[in-house]
Amino acid sequence: MKKILLLIYILSSLIYCQPKNEVRAVWVTTAYNLDWPKTYGEENQKAEILNLFDALKDANFNTVFFQVRARGDLIYPSKIEPWSKSILSKLKGKPDYDPLKFIIAEAHKRGLEIHAWWNVFKVYGKGEPDKSDSEHVINKHPEFCKRYGEQWWIDPGIPSARKYLLSVAAEMLHNYDLDGVHLDYIRYPNPDFNDGSTYRKYGNGVNKDDWRRNNVTDFVEALYGSIQSINPVIKLGCAPLGIYKNTENGYSGWEAFADTYQDPVRWIRDKKLDYVSPQTYWKINSIPNFSRSLRSWENIISERQIFPGVAAFKTEKDINWPLEELSAQIDSSRAIGVEGQAFFRAENLLENNKNILIFLKSGVYKYPAKIPPMSWKDQIKPLPPTGLTSYSDSKSKYTLFWRAPTNSIDGDTASYYNIYISKTIPLDLDNPLNFYHLRLPADSNTFDINLNSYADGKYFICITSLDRENNESIPSSVITIMLQKSVDVVKK
């Protein structure tokens, strides 16, 4: 019995241990003003963004999927598509600032990655844009668009429509310092989509199901090529349906491959996609269920990253999941071995009366996490900072100083710094207990630390560099601080 209890304890410790590397993402929805903006005007909208990012950073999130193209409209200025009606409350005019530029700058100040979330082929919900708005794709290129129920979709089978979408993406890639592009609605709506005439014109005798999948694949892989030519640092990911194929997990449900013609497994096999965030919005003990679906993705995807979707929206009173369901799903994803999680959506984290952010930070997200690098994009580490020293004029507050590293062999230097503090040496850079501050922007070579909450004793401090691809340098030289109630002594 004692051996069994010991085994259970060891296994539970492994499952509940917080990993050093973990993407912790959240979707921020601009469609219908669901997450942002809830107000109008530059000052109000900027204040909302700052509050959002501060709350996410404080809760140890590190990645944001920010919806920049929701319904064929954009939250940034474009020569091709119109401003989002979520920004202006109408599809005309323009704001007094560039929201995406501000979003990226403020996210990077806080060490958050920003992935531009794109709704690709779905371009309108109920109704249709005002006919006076000549820039919306439904009015500008009606030959590309088809109504499906109450929605409007770009027909993926039209080559010139795919080329149009690539031009919109390329404009964004050239103009913004993004960390990633995140594709949603990268699919057909359903098998009964009315594209018979398109198939007759462009099908070339290929089986219609395969032809549809090829159309979506052609767009994804062309976009990946565009990213590689414009800014290869940028990651490309997508949010496929939660079930890839019913045969993969035994379920009978709405699947990506046969029902909506999206094939992210092929995109990864072709090395044209960096990560997937499948919409695994089920409980651990439901049918389908979160863990089994995630396991099926993990079994068929290798050499790329997986951040399963976690349904924060189902904690609301109409469904009323307990918060323990969310932490159980995080524990499950860690046990399965995927690289992180993505929460849908921001409002459910920030404004939920169950205080989800507090719950996460007090438990499964107690410590910050590093963003795992993608070895297929870059494996060369930056050089470490040099000349680390410190100064203090109080018992517990110090200022660290260092020099920026020179360029590594691939030309990269520091984009961010990580700061570590430990009572033992050599410092364990993989132990979250030693993470003092992660992803400090490299536009400054000083940082104030406050050790007031630390017990008296000897502490060791070092700094590492991070390049834009999240490769981490070896540590800098180590400095020692002797923290005492009456006096602080610094030894180089």
>> If I take all pairs of Cα atoms in segment 207-336, what percentage of them are more than 19 Å from each other?
In response: 52
>> To check you understand DSSP bridge types, tell me what percent of the beta bridges within the chain (both residues inside) are antiparallel, rounded to 5.
In response: 50
> How large is ³J(HN,Hα), in whole Hz, for each residue of segment 350-357 in order, when computed from phi with the Karplus curve 6.51 cos²θ - 1.76 cosθ + 1.60 and θ = phi - 60°, using x for Gly and Pro?
Replying inline: 8, 10, 6, 6, 8, 6, 4, 4
> Given labels modelled 7 Å from the Cα in the Cβ direction, how far is it in nm from Asn207 to Tyr32?
Replying inline: 3.7
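Take Tyr261, Tyr281 and order them by how many other Cβ atoms sit within 10 Å, fewest up front.
On the way: Tyr261 25, Tyr281 19.
Least crowded to most crowded, the residues run Tyr281, Tyr261.
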> Dividing the convex hull volume of the alpha carbon atoms of segment 221-277 by its residue count, what do you get in Å³ per residue?
Replying inline: 75
>> Quick query: amide H of Arg439 versus all other amide H atoms, modeled in the peptide plane; which residues come in under 5 Å with a sequence gap of 5 or more or a different chain?
In response: Tyr417, Asn418, Ile419
>> Taking the Cα centroid of segment 41-103 and of segment 154-186, what is the distance between the two, rounded to the nearest whole Å?
In response: 18
> Which one is right for this structure if mean projected area of the Cα convex hull in nm² is calculated from it: (i) 23.2; (ii) 21.4; (iii) 26.6?
Replying inline: (iii)
> What is the set of long-range amide H partners of Ser84 at a cut-off below 5 Å, with H atoms built 1.01 Å from backbone N?
Replying inline: Leu74, Ile75, Tyr76
> So what is the relative contact order of the chain, in percent, for Cα pairs below 8 Å that sit 6 or more residues apart?
Replying inline: 14
> Which ³J(HN,Hα) values, rounded to whole Hz and listed in residue order, are derived for segment 284-291 from phi using the Karplus coefficients 6.51, -1.76 and 1.60 in 6.51 cos²θ - 1.76 cosθ + 1.60 with θ = phi - 60°, glycine and proline given as x?
Replying inline: 4, 10, 10, 10, x, 10, 4, 5
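Let me check against my output: what whole-number percent is the relative contact order of segment 386-491, with C-alpha pairs under 8 Å and at least 6 apart? All intermediate terms of the calculation are to be shown ahead of the outcome.
On the way: 219 pairs, mean separation 33.5, N = 106.
Rounded, it is 32 percent for segment 386-491.
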> Tell me, what HN-Hα J-couplings in whole Hz come from the Karplus equation 6.51 cos²θ - 1.76 cosθ + 1.60 at θ = phi - 60° for each residue of segment 292-305, using x for Gly and Pro?
Replying inline: 5, 5, 5, 4, 5, 5, 5, 6, 10, 10, 10, 6, 9, 9
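For the chain, what does the helix formula give at 222 nm: sum of -39500 (n - 2.57) over DSSP H segments with n ≥ 4, over the residue count, nearest 500 deg cm²/dmol? Each step should come with its number before you reach the end.
Numbers: 15 runs with 148 residues, N = 492.
So the calculated ellipticity at 222 nm is -9000 deg cm²/dmol.
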>> Under the 0.36 nm per residue contour assumption, what length would be gained going from the current alpha-carbon distance of Thr39 and Ser362 to full extension?
In response: 113.2 nm
> For segment 15-161, what is the relative contact order in percent, using Cα pairs closer than 8 Å and at least 6 residues apart in sequence?
Replying inline: 21
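Starting from the exponent 0.38 and prefactor 2.2 Å, build the expected Rg for segment 41-166 from its residue count and divide its actual Cα Rg by it.
Details: Rg = 16.1 Å, N = 126, 2.2 N^0.38 = 13.8 Å.
Working it through for segment 41-166, the quotient is 1.16.
Quick one: length gained pulling Lys377 to Tyr454 fully straight, 0.36 nm per residue minus the C-alpha distance?
Details: separation 77, 0.36 × 77 = 27.72 nm, distance 3.89 nm.
Using 0.36 nm per residue and subtracting the Cα-Cα distance, I get 23.8 nm.
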>> List the residues, sorted by chain then number, that are 5 or more residues from Thr280 or on another chain and whose placed amide H is less than 5 Å from its amide H.
In response: Gly309
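Throughout, read-outs are computed from the coordinates displayed, never taken from laboratory work. Computed from a predicted structure; not experimentally measured. Here the Cβ is made from the backbone with ideal geometry for all residues, glycine too, and neighbour counts use every protein chain on show.
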